[in-house]
Amino acid sequence: MGSVNTGATHKFVIVLNEKSPVGKILSATGQLGMSLLNKSTHEQQKNMNFTPLLNPNGESLISVSTCSFVVLKGTNNQLLTLYTKTCELGILSAVFTSTMSFNGIEEDLIIKTANIPLNDVELYGVGLFGQIEEIVPLTKKFSVFK
C-alpha cells in the first residue's frame, strides 16, 4: 500500500533514543507529536494536512495527517546533534528529555528542565516537521525504529 498523500511536500519524523526505556519513549512520542502541533504556525498546520476519519454515523473518530509520519532510532548524541541542527536551521522541532518525565511533582520537572543543560540529560526523542527536502538530509543516517 502506498502513501495516502503521494503529492506530499512535508513530513513528520520522530527520532527516539534506542537505549531509553520503552515506556519513556512511548510517552515521548506522544508528547513530541503534540508539541509539534502546538508550536506550529497556521501555515505549518495547513501543511500538516489533517483530515477527519468518521465512523458510520458520521462522527469523527480521529483526525490524521496525510503527511508521512516516520519513527526512527538513534543514540543520545545523535539526537542532541539533530535537535541542535534543527534549531540552527529554523525547522519546527521539539525535544523530550529525562528531566521532562513526570514523577508526580510537576514543579520538579519544570525546574529541572530549566536548569540542566541538554548535554547533561538523557534525550528520549526529537520530533521534526517540515518540507521533505529539508528533513531527509537531517534524518537519512537514522534507521527505522522496529
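Would the stretch 118-138 turn up any residue that is open to solvent by 50 Å² or more (accessible area, probe 1.4 Å) and part of a strand (DSSP E or B)?
Checking the stretch 118-138: at least one residue is open to solvent by 50 Å² or more (accessible area, probe 1.4 Å) and part of a strand (DSSP E or B).
Residues of the stretch 8-31 being basic (K, R) and within 16 Å of F69 (Cα to Cα), which ones?
Listed by number, the list holds a single entry, K11.
Taking into account only those residues within the stretch 14-55 that are of a type in the set (A, V, I, L, M, F, W, C) and touching a residue at least 40 places away in the same chain (Cβ under 8 Å), which is farthest from E134 (Cα to Cα)?
Only one residue fits best here, namely I25.
Going through S93, S68, S101 one at a time, which residue ends up being in contact (Cβ under 8 Å) with a residue 40 or more places away in the chain, of a type in the set (G, A, S) and farther than 30 Å from G7 by Cα?
After ruling out the rest, the residue left standing is S101.
So which residues in the stretch 1-38 are open to solvent by less than 40 Å² (accessible area, probe 1.4 Å), among the hydrophobic types (A, V, I, L, M, F, W, C) and modelled with pLDDT of 95 or more, if there are any at all?
Hits for the stretch 1-38 are F12, V13, I14, V15, L16, I25, A28, L32, L36.
May I ask you to list the residues in the stretch 71-90 that are farther than 18 Å from K140 by Cβ and either in contact (Cβ under 8 Å) with a residue 40 or more places away in the chain or open to solvent by less than 50 Å² (accessible area, probe 1.4 Å) (or both)?
N76
Give just the number: which of (1) within 18 Å of V15 (Cβ to Cβ); (2) loosely packed, with under 15 Cβ neighbours inside 10 Å does T41 not satisfy?
Of the numbered conditions (1) within 18 Å of V15 (Cβ to Cβ); (2) loosely packed, with under 15 Cβ neighbours inside 10 Å, the odd one out for T41 is (1).
Please pick out the residue among V70, V136 that is under 18 Å from T29 (Cβ atoms), of a type in the set (A, V, I, L, M, F, W, C) and under 16 Å from the mean Cα position of the chain (by Cα).
V70
Determine whether G7 is on the phi > 0 side of the Ramachandran plot and not in a helix (DSSP H, G or I).
Against the criterion (on the phi > 0 side of the Ramachandran plot and not in a helix (DSSP H, G or I)), G7 does not qualify.
The values are calculated or read from the model by the stated rules, or taken from the named source; none is laboratory data. What you see is a predicted model; the values in this text were computed from it and never measured. Heads up, the Cβs are rebuilt from the backbone with ideal geometry, glycines too, and the neighbour counts pull from every protein chain shown. When the accessible area is computed, the model is the full protein with side chains, heavy atoms only, and any ligands, DNA or RNA have been set aside. Shrake-Rupley method; radii C 1.70, N 1.55, O 1.52, S 1.80 Å.
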